[in-house]
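Novice: Before I ask anything, let me first share the structure, which is written out below as structure tokens.
The values are calculated or read from the model by the stated rules, or taken from the named source; none is laboratory data. Worth saying up front: this structure is predicted, and the values here are computed from it rather than measured. Using ideal geometry, Cβ is built from the backbone for each residue, glycine included, and neighbour counts are taken over all protein chains shown. For the accessible areas, the whole protein counts, side chains as well, though only heavy atoms, and no ligand, DNA or RNA atoms are used. Shrake-Rupley method; radii C 1.70, N 1.55, O 1.52, S 1.80 Å.
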Amino acid sequence: ATITRAQQTVLAALASQLSQRWQRLEQVTTILHSAGDPNKTLANASLYLEAFGHVVLSWIWLEQALAAESMQQGDQDFYAGKQQACRWFFLWELPKVDAQLTLLANLDTTTLDMQDNWF
């Protein structure tokens, strides 16, 4: 619903970015779920949680930017700051999930393959 609302505003480009990342996250989640090997799926759980968290935070920032955009009264500098922080997160943080999701989709087992006696 947030993406749909934002697509009708000056935040449309950010809505598109979030939509793309959300779809990719759904695809990767399906890949991980259907891997058939819980150890392989969980080998990179921290990376999955980080990517998922960034997508969720992007949604929260977009929601705040939408709310700030609709404010006609009050501290306009505060609302402008919310919108700028949203743009910053989408530019500096959200792109990080692309590499993370690609690695996760490949079901990489580098961490799983590590042996205790190699330390």
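Novice: Do you know which residues across the stretch 91-110 are open to solvent by 60 Å² or more (accessible area, probe 1.4 Å) and of a type outside the set (Lys, Arg)? First the steps, then the outcome.
Specialist: Residues of the stretch 91-110 that are open to solvent by 60 Å² or more (accessible area, probe 1.4 Å), as a first pass: 91-92, 96, 98-99, 102-103, 106, 110.
Residues satisfying the conditions are 91, 92, 98, 99, 102, 103, 106, 110.
Novice: Now a separate question. Of the conditions (1) open to solvent by 90 Å² or more (accessible area, probe 1.4 Å); (2) of a type outside the set (Gly, Ala, Ser); (3) part of a loop (DSSP other than H, G, I, E, B), residue 88 satisfies every one except a single condition; which number is it?
Specialist: All conditions pass for residue 88, except number (3).
Novice: Taking helices (runs of 4 or more DSSP H) that do not extend beyond the stretch 1-71, which have at least 3 residues that are open to solvent by 60 Å² or more (accessible area, probe 1.4 Å) and either at positive phi or at pLDDT 95 or above (or both)? Quick ask: steps written out before the conclusion?
Specialist: Numbers: elements: 2-6, 12-33, 38-42, 45-70.
Helices (runs of 4 or more DSSP H) meeting the threshold: 12-33, 45-70.
Novice: Of the numbered conditions (1) closer than 20 Å to residue 4 by Cα; (2) in a helix (DSSP H, G or I), residue 79 satisfies every one except a single condition; which is it?
Specialist: Checking residue 79 against (1) closer than 20 Å to residue 4 by Cα; (2) in a helix (DSSP H, G or I), the one that fails is (1).
Novice: Cβ-Cβ below 9 Å, separation at least six or inter-chain, first residue in the stretch 32-49 and farther than 11 Å from residue 100 by Cα, second basic (Lys, Arg) and open to solvent by less than 100 Å² (accessible area, probe 1.4 Å): which pairs?
Specialist: 32/40
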